[in-house]
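Trainee: Let me begin by handing over the structure; questions about it come next.
The values are calculated or read from the model by the stated rules, or taken from the named source; none is laboratory data. Owing to the predicted nature of the structure, the values given are computational and were not obtained by experimental measurement. Note that we place each Cβ from the backbone using ideal geometry, even for glycine, and neighbour counts take in every protein chain shown. Remember, those area values only see protein heavy atoms, side chains included, never the ligands or the DNA or RNA. Shrake-Rupley method; radii C 1.70, N 1.55, O 1.52, S 1.80 Å.
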Amino acid sequence: MVQQAVAILDSGVGGLTVVKEVMRQLPQEKIIYFGDTARTPYGPRSSSEIIFFTKQIVHYLIQFQPKLIVIACNTATAVALDPVRAFVSVPVVGVIHPGARAAIKTTKMGVVGVIGTEGTIKSRAYEIALKQLSPSIKVISLTCPSFVPLVEQGLFDTEETKQDVSKSLASLRKLPMDCLILGCTHYPFLRETIATVMGDKVALISSADETAREISTILHHRGHLATTDQLPVHHFFCSGDSRIFQQIAQAWLGEQIKVTPVVWQVPRIV
């Protein structure tokens, strides 16, 4: 019997932060990952473009018959989660609500910062999710459009990146908060630099850990947790430069992987 996989998609390499946590928490689960590196970043794009791109990737992944799909891109989660759920029969998980739950558990002041792409912040998705959980919460949001391109180039710890992060977060440093949501799955690649800029009194929240827990809960509830004793073979796909993707992925995940490049052809999307 062929083992069904958990499919994870992102606008680029950012979703690898979710992959790493799923591999840690659910080591028996097979993962199929798609990074749309040819069209990253999604943040500045229109909602209609993001919905089309996300549906196109999901359409591609469905051929592998996954048992669950994770939209690991915050921007895509914000605008495309419901449209994707409407045309697939398997559970579809986003990363915004898991991140919001983690922040509510962490904050003591009741003040939560959110950094993200233009699309994510404009959607107010985190603010809505946080206030659904705690109506009195104060949310401070900031766009950081330069972060994704830096990560996609593998520039995690350069002097240029450190200066960029410091400049981008300068306004947040002056505001009282004890919790900052990294509202883009690319941002954990810059976690050390962000932590240095924000200081040790501000807890950084990545949605990856909570998202992996949600995946585990859903699979357990449906009786679909992997039971094989053999370590799974994961598959990675990307639409852009597969060499850069492979370098970043292997460094982040700490193991050798094979990447299959995908050249887009427009499929029929229902």
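Trainee: For E21, indicate whether it is acidic (D, E) and either out of contact with any helix residue (DSSP H, G or I) (no Cβ under 8 Å at 6 or more places or on another chain) or open to solvent by less than 20 Å² (accessible area, probe 1.4 Å) (or both). Step through it out loud before you land on a result.
Mentor: Working: acidic (D, E): yes; either out of contact with any helix residue (DSSP H, G or I) (no Cβ under 8 Å at 6 or more places or on another chain) or open to solvent by less than 20 Å² (accessible area, probe 1.4 Å) (or both): no.
Here the answer is no, as E21 does not meet what is asked.
Trainee: While we're here: Read through the list (1) open to solvent by 20 Å² or more (accessible area, probe 1.4 Å); (2) outside any helix (DSSP H, G or I); (3) touching a Leu at 6+ places or on another chain (Cβ under 9 Å); (4) modelled with pLDDT of 95 or more, then give the number of the only condition that I121 fails.
Mentor: (2)
Trainee: Given the options W264, W252, name the one that is among the aromatic types (F, W, Y) and at pLDDT below 95.
Mentor: Values: W252 fails: at pLDDT below 95.
Criteria check complete, one pass: W264.
Trainee: Would you pick out the residues in the range 68-93 that are among the small types (G, A, S) and open to solvent by 10 Å² or more (accessible area, probe 1.4 Å)? Explain how you work it out, then say what you get.
Mentor: In the first step, residues of the range 68-93 are kept if they are among the small types (G, A, S); the result is 72, 76, 78, 80, 86, 89.
Correct list: A78, A86, S89.
Trainee: Give the residues of the range 165-181 that are out of contact with any helix residue (DSSP H, G or I) (no Cβ under 6 Å at 6 or more places or on another chain) and of a type outside the set (A, V, I, L, M, F, W, C), sorted by residue number.
Mentor: K167, S168, S171, R173, K174, P176, D178
Trainee: Please go through the range 24-55 and give me each residue that is open to solvent by 60 Å² or more (accessible area, probe 1.4 Å) and either more than 26 Å from L253 (Cβ to Cβ) or among the hydroxyl-bearing types (S, T, Y) (or both), ordered by number.
Mentor: P44, R45, S47, S48, E49, F52
Trainee: May I pose another question? What are the residue pairs meeting all of these: first residue in the range 183-208, first residue under 18 Å from T107 (Cβ atoms) and at pLDDT below 95, second residue open to solvent by less than 10 Å² (accessible area, probe 1.4 Å) and not hydroxyl-bearing (S, T, Y), Cβ atoms under 6 Å, and 6 or more apart or on different chains?
Mentor: Going by the 6 Å Cβ cut-off, the qualifying pairs are S206/L182; S207/V95; S207/P98; S207/G99.
Trainee: What's the total number of residues in the range 35-62 that are small (G, A, S), modelled with pLDDT of 95 or more and within 15 Å of the chain's Cα centre (by Cα)?
Mentor: 1
Trainee: Checking M109 against (1) more than 26 Å from V6 (Cβ to Cβ); (2) part of a helix (DSSP H, G or I), which single condition isn't satisfied?
Mentor: (2)
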